[in-house]
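*Asks:* Take this structure first; my questions come after.
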Amino acid sequence: MKRFFLVVLIVLLVCTAAIAGTKLKIHYHRYDSNYENWDLWLWGRGLNGSAYTFDSEDEYGMVANVEMPEDLDEVGFIVRLGNWADKDVSQDRFVQVQGDVTEMWLLQGVKDVFFDVPDVSPRVLFTAAISDKVIRAYATNKFDTKDWAGKVSVSVDGVERTVASVEKVDPTDISKTNFIEITLENPLTLEDLSAYVEFAFEGFKPARVLMMGILDDYYSDKKMGVDYSDARTTFRVWSPVSSNVDLLLFEDGEALEAYKIISMEMDEKGVWETTVKEDLKGTFYLYEYTHYDETVRAVDPYSKSVYANGAKSAVINLEETNPENWTTDSYVNLEAPEDAIIYEIHVADVTGGPDSGVEEDLKNTFLGLVQEGTTGPDGVKTGFDSIIDLGITHVHVMPAYDFWTGDELSRDFEDYYNWGYDPYLFSVPEGRYSTDAKDPAARVNEMKQMIAAFHEKDRGVILDMVFPHTYGLGAMSPFDSAVPYYYYKIDKAGAFINESGCGNTIASHRPMMSRYIVDTVKYWVEEYHVDGFRFDQMGFIDVATMEKIDEVLREINPSVLLYGEGWGDAVARDLWMQPDDGKYFALISRMVQAAVKGTNIGAFNDDIRDGIRGSVFDTGTKGFVLDSFPKFKNIQKGAIGGVQYSKTLFWLVDDPAQSINYAACHDNHTLWDKNSLAAAADKKNDWTEAMLKDAQKLSGAIILTAQGIPFIHAGQEFCRTKNNDGNSYNSPISVNALDYARKAEFIDVVDYYRGLIELRRSHIAFRMRTQEDIINNVEILKTTNKRVVGVKINGTAVGDDWKEIILLFNGAVKEYTHALPEGIWNVAADSEQAGIETLYTLQGTITLRPTSALVLYK
């Protein structure tokens with residue numbers, strides 16, 4: 001009987017544990033009383049997030065009674081508007097579970113979590129110094145700027161400073177406003193930056209003044225990070241808001257306690273520095289900052305390498321990471337940027353599939369990416385050999401710097417795959433692609449080996465850089481840890497601006513952030529011999545920084561390739577730095593598509609992309625290659641490299657090198673999947689696989705004969721599919737890996753792309769250098785069917801041995817009859833083959849096959 005009761009008790013305990021779950025009661029107060037569409041996003045360790053609604057209200061505000069089925073020790077949460085239209089506080093916040101029900105109170109715009117009902121009287125949401133005399137403050141309620149005398153005070157460590165004036169920030173506001181500007185009689189000093197500067201206004205809760213625009217005056221050009229030699233190592237980090245910075249040295253990457261703590265000294269620009277006179281190679285370190293009433297530990301923003309998962313920065317001897325013959329390794333030289341043919345790859349995609357042929361221990365690694373002699377089904381070349389054999393000039397490697405997601409001690413990309421657009425440390429190679437993430441030197445050496453291997457085959461390496469945002473904020477950001485708020489765009493209420501869609505937007509225009517970006521790309525070029533950069537969300541980076549990048553890198557390597565995504569607003573405002581003359585804000589010009597005109601920087605040409613495949617946002621919309629006549633103009637604009645060809649035919653650039661022509665990239669559906677989905681939605685035509693293959697070939701012919709710089713998505717040449725997954729950034733490797741069985745199946749398409757690449761590389765007529773050359777020597781031919789585009793090129797004028805070239809693209813599902821100019825024309829490419837050899841000759845009136853290209857020359 002005792003055994004029976006014991007069994008029952010155990011069962012009850014197990015059941016109770018199973019259903020215990022986690023209960024929270026979350027109160028939320030908004031000063032504007034507008035709770036419409038606000039909800040909660042909650043998650044636990046290892047769990048995907050879920051939305052929870054506010055289901056009741058009380059005197060404080062709205063209340064969410066949450067029951068999570070899992071038994072958690074800690075819960076992460078975000079207060080969000082609708083389906084991620086906005087966040088109340090941008091940082092991820094966490095709460096420790098307490099008792100049966102964890103009850104907490106949240107305030108609009110305040111990151112602190114309260115466990116008792118907080119004061120909800122008027123408060124300043126954000127206040128910051130934008131110069132040495134000017135402080136701005138944004139509050140929950142309105143100030144009266146005409147009635148401030150005796151009601152406004154600013155103090156530094158308790159000592160009051162004289163206020164000279166109080167005015168509204170926005171001149172269009174009335175005198176009663178939430179946003180005011182306080183001018184001090186005497187300037188704040190370097191010592192004041194780390195002091196407790198407080199702003200108080202009668203009737204409002206006082207607030208600490210943060211340092212924003214004022215910090216721009218403390219720009220430093222000292223070398224940052226670690227300067228190593230076997231005799232001494234110097235450490236430098238910029239943090240003018242810190243009252244103290246300590247260097248913490250650790251014997252190994254997993255050590256919990258520092259074996260030595262060294263107090264650093266600050267110079268007149270806010271740079272903290274110390275030199276250790278011993279050989280620190282193999283040592284790990286962190287910085288410990290004391291600022292704004294908190295002490296935080298963080299890795300070095302200028303880290304050169306780290307322990308696994310970015311736990312600690314590492315001191316390494318970079319010379320010892322150089323592969324054999326590294327001193328003779330060099331960049332790929334181009335006569336002109338138009339000579340480039342770019343191929344976008346992901347380290348794991350190329351190597352991680354079951355049929356990649358890459359050694360098991362090298363899959364998903366830098367070294368696996370350049371393993372030679374690998375084959376797949378039917379003996380097709382895979383991996384490195386497949387890329388080289390295709391004939392492209394440059395590989396564009398998706399993020400290979402140190403990104404946040406994924407355990408670096410596991411290369412199981414089926415369990416956790418990621419593209420890497422969640423930056424953590426921009427100048428450190430990603431540890432998941434190393435054979436030993438615990439060894440800081442290994443990831444550096446192996447990435448250099450990868451680059452050297454491509455250079456040995458005369459192929460350049462372009463790195464995909466994601467400067468407009470970081471994965472996280474606060475402790476998850478080395479920048480925010482060093483100087484809170486400064487490195488990011490902040491709205492007037494003190495919230496992190498989320499233009500990037502990733503929770504924050506880097507303020508590239510602020511001097512020390514701009515300097516960091518330039519330093520970083522320069523480091524990759526000098527230390528790793530990188531040949532160029534693709535800039536993710538380039539439209540959020542300011543023009544001045546991008547132009548500085550170009551100036552600095554072109555001095556090192558005149559053939560450097562620079563391009564990026566130019567989408568976004570052309571200008572942005574910054575309310576927390578010193579305003580432009582005559583304005584109350586700083587106006588920032590950004591490197592959007594139109595801004596590349598007149599520069600050496602390229603932008604992705606979405607006109608030709610959408611022309612070929614149709615809208616990336618609507619899978620049912622067909623492009624030119626699927627019989628859509630409205631798209632013919634896009635194909636014509638792509639053919640002339642997007643330059644200002646005429647009053648009616650142009651894109652946004654004035655040099656063909658500024659137009660990156662593509663039909664597919666990692667974003668959105670693969671070209672094959674998009675065409676398949678659009679074909680399935682087509683009620684007019686019945687599309688077969690053979691017809692879709694023709695569309696794949698035609699797409700390649702358009703891209704690889706267009707003026708400008710062609711860009712090919714890895715696997716596009718063998719009809720890559722991701723099984724209609726249109727956003728596979730964290731889908732398993734089984735979805736993302738290149739399927740080399742498809743290469744064997746579609747080897748004729750591979751051969752076609754290879755032939756087109758050889759054609760382009762052999763004839764400068766497809767690679768004209770200037771807008772003037774294109775205007776004078778490219779003619780758009782008249783066709784009787786708008787689903788057909790014809791182009792005639794004067795090869796002689798640009799030094800090509802093909803005197804005249806005709807390109808005909810038939811996007812229709814029907815044949816097209818076309819009258820050729822007089823004479824005999826040699827065919828170099830048709831619907832089946834492409835290359836530099838003459839396939840046959842044609843003259844007079846000819847017939848184009850449906851969904852096909854024809855390249856003819858004299």
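The values are calculated or read from the model by the stated rules, or taken from the named source; none is laboratory data. Keep in mind that this is a model prediction, so the values were computed, not measured. FYI the Cβ positions are ideal-geometry reconstructions off the backbone, even for glycines, and counts take in every protein chain you see. When the accessible area is computed, the model is the full protein with side chains, heavy atoms only, and any ligands, DNA or RNA have been set aside. Shrake-Rupley method; radii C 1.70, N 1.55, O 1.52, S 1.80 Å.
*Asks:* Can you tell which of I660, I703, I733 is among the β-branched types (V, I, T), over 30 Å from T599 (Cβ atoms) and either surrounded by 24 or more Cβ atoms within 10 Å (Cβ to Cβ) or touching a Gly at 6+ places or on another chain (Cβ under 7 Å) (or both)? Explain how you work it out, then say what you get.
*Replies:* Working: I660 fails: over 30 Å from T599 (Cβ atoms); I703 fails: over 30 Å from T599 (Cβ atoms).
It is I733.
*Asks:* State all residues of segment 698-755 that are closer than 19 Å to A348 by Cα and of a type in the set (D, E, K, R); if no residue qualifies, say none. Walk me through it before giving the result.
*Replies:* Taking segment 698-755 as the starting set, the residues that turn out to be closer than 19 Å to A348 by Cα are 712-723, 725-743.
Result: E717, R720, K722, D725, D739, R742, K743.
*Asks:* For a quick check of your reading of the model, give me the residue pairs whose first member lies in segment 265-281 and is in a strand (DSSP E or B), whose second is open to solvent by less than 60 Å² (accessible area, probe 1.4 Å) and modelled with pLDDT under 95, with beta-carbon atoms closer than 9 Å and at least 6 apart or on different chains.
*Replies:* none
*Asks:* Still on this structure, please answer the following. Could you please find all residues in segment 551-595 being assigned to a helix (DSSP H, G or I) and surrounded by 15 or more Cβ atoms within 10 Å (Cβ to Cβ)?
*Replies:* In the first step, residues of segment 551-595 are kept if they are assigned to a helix (DSSP H, G or I); the result is 551-556, 593-595.
Result: V552, L553, Q593, A595.
*Asks:* Within segment 356-376, take every residue that is at positive phi and open to solvent by 20 Å² or more (accessible area, probe 1.4 Å) and give me the one that is farthest from the chain's Cα centre (by Cα). Full working, then the answer.
*Replies:* Here is the first cut: in segment 356-376, the residues at positive phi are 357, 364, 373.
Then drop every residue that is not open to solvent by 20 Å² or more (accessible area, probe 1.4 Å), which leaves 357, 373.
Values: G357: 30, G373: 33 Å.
Filtering segment 356-376 for residues that are at positive phi and open to solvent by 20 Å² or more (accessible area, probe 1.4 Å), the one farthest from the chain's Cα centre (by Cα) comes out as G373.
*Asks:* Before we move on, is L107 in contact with a His (Cβ under 6 Å, 6 or more places away or on another chain) and in contact (Cβ under 8 Å) with a residue 60 or more places away in the chain?
*Replies:* Values: in contact with a His (Cβ under 6 Å, 6 or more places away or on another chain): yes; in contact (Cβ under 8 Å) with a residue 60 or more places away in the chain: yes.
So L107 passes the test.
*Asks:* Would you mind finding the one in I588, I635 that is in contact with a His (Cβ under 6 Å, 6 or more places away or on another chain), of a type outside the set (K, R) and modelled with pLDDT of 95 or more? Show your work before the answer.
*Replies:* Values: I635 fails: in contact with a His (Cβ under 6 Å, 6 or more places away or on another chain).
One residue alone meets the criteria, I588.
Every residue, every condition in (1) closer than 23 Å to S229 by Cα; (2) surrounded by 15 or more Cβ atoms within 10 Å (Cβ to Cβ); (3) touching a helix residue (DSSP H, G or I) at 6+ places or on another chain (Cβ under 6 Å); (4) of a type in the set (S, T, Y), yes or no:
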| residue | (1), (2), (3), (4) |
| --- | --- |
| S263 | yes, no, no, yes |
| D267 | yes, yes, no, no |
| V276 | yes, yes, no, no |
| D293 | no, no, no, no |
| A308 | no, yes, yes, no |
| W326 | yes, yes, no, no |
| G353 | no, yes, no, no |
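*Asks:* Say whether the condition of being of a type in the set (A, V, I, L, M), modelled with pLDDT of 95 or more and open to solvent by less than 70 Å² (accessible area, probe 1.4 Å) is met by at least one residue in segment 26-38. Write out each step before concluding.
*Replies:* Filtering segment 26-38 down to residues of a type in the set (A, V, I, L, M) leaves 26.
Those still in the list that are modelled with pLDDT of 95 or more too: 26.
From the residues that got through so far, the ones that are open to solvent by less than 70 Å² (accessible area, probe 1.4 Å) too are 26.
Looking for residues that are of a type in the set (A, V, I, L, M), modelled with pLDDT of 95 or more and open to solvent by less than 70 Å² (accessible area, probe 1.4 Å), one finds at least one in segment 26-38, hence yes.
*Asks:* Please verify whether segment 759-771 includes one or more residues that are in a helix (DSSP H, G or I), closer than 22 Å to V395 by Cβ and open to solvent by 10 Å² or more (accessible area, probe 1.4 Å). Steps first, answer last, please.
*Replies:* The initial filter retains those residues of segment 759-771 that are in a helix (DSSP H, G or I), namely 759-762, 764-766, 771.
Filter once more, keeping what is closer than 22 Å to V395 by Cβ: 759-762, 766.
Adding the requirement that they be open to solvent by 10 Å² or more (accessible area, probe 1.4 Å) leaves 761-762.
Within segment 759-771, one or more residues are in a helix (DSSP H, G or I), closer than 22 Å to V395 by Cβ and open to solvent by 10 Å² or more (accessible area, probe 1.4 Å).
*Asks:* With the requirement that a residue be part of a loop (DSSP other than H, G, I, E, B) and either of a type in the set (K, R) or surrounded by fewer than 24 Cβ atoms within 10 Å (Cβ to Cβ) (or both), what does segment 628-650 give you? Working first, answer last.
*Replies:* Here is the first cut: in segment 628-650, the residues part of a loop (DSSP other than H, G, I, E, B) are 628, 640-650.
Within segment 628-650, S628, Q644, Y645, S646, K647, T648, L649, F650 qualify.
*Asks:* Inspect all residues belonging to segment 69-82 and state whether any of them is part of a strand (DSSP E or B) and of a type in the set (G, A, S). Spell out how you get there, then give the answer.
*Replies:* First, the residues of segment 69-82 that are part of a strand (DSSP E or B): 74-81.
Those still in the list that are of a type in the set (G, A, S) too: 76.
Yes, that holds for at least one residue.
*Asks:* Name the single residue that is surrounded by the fewest Cβ atoms within 10 Å (Cβ to Cβ) among those in segment 180-207 being in contact with an Asp or Glu (Cβ under 6 Å, 6 or more places away or on another chain) and within 25 Å of D580 (Cα to Cα). Talk me through it step by step, then tell me what you get.
*Replies:* First, the residues of segment 180-207 that are in contact with an Asp or Glu (Cβ under 6 Å, 6 or more places away or on another chain): 181, 187-188, 195-196, 206.
From what is left, the residues that are within 25 Å of D580 (Cα to Cα) are 181, 187-188.
Values: E181: 19, P187: 14, L188: 22.
Checking each candidate, the answer is P187.
*Asks:* If you go through segment 54-72 one residue at a time, do you hit one that is free of Cβ contacts under 8 Å to residues at least 24 places away in the same chain, open to solvent by less than 50 Å² (accessible area, probe 1.4 Å) and either among the basic types (K, R) or under 20 Å from A207 (Cβ atoms) (or both)? Before the answer, list the steps.
*Replies:* Applying the first criterion (free of Cβ contacts under 8 Å to residues at least 24 places away in the same chain) to segment 54-72 yields 55-57, 59.
Okay, now just the ones that are also open to solvent by less than 50 Å² (accessible area, probe 1.4 Å), so 56.
Now narrow it down to the ones that are either among the basic types (K, R) or under 20 Å from A207 (Cβ atoms) (or both): none.
Scanning segment 54-72 turns up no residue that is free of Cβ contacts under 8 Å to residues at least 24 places away in the same chain, open to solvent by less than 50 Å² (accessible area, probe 1.4 Å) and either among the basic types (K, R) or under 20 Å from A207 (Cβ atoms) (or both).
*Asks:* Are any residues in segment 74-85 open to solvent by 40 Å² or more (accessible area, probe 1.4 Å) and at pLDDT below 90, and if so, which ones? Walk me through it before giving the result.
*Replies:* So in segment 74-85, the residues open to solvent by 40 Å² or more (accessible area, probe 1.4 Å) come out as 74, 81, 83-85.
The answer is N83, W84, A85.
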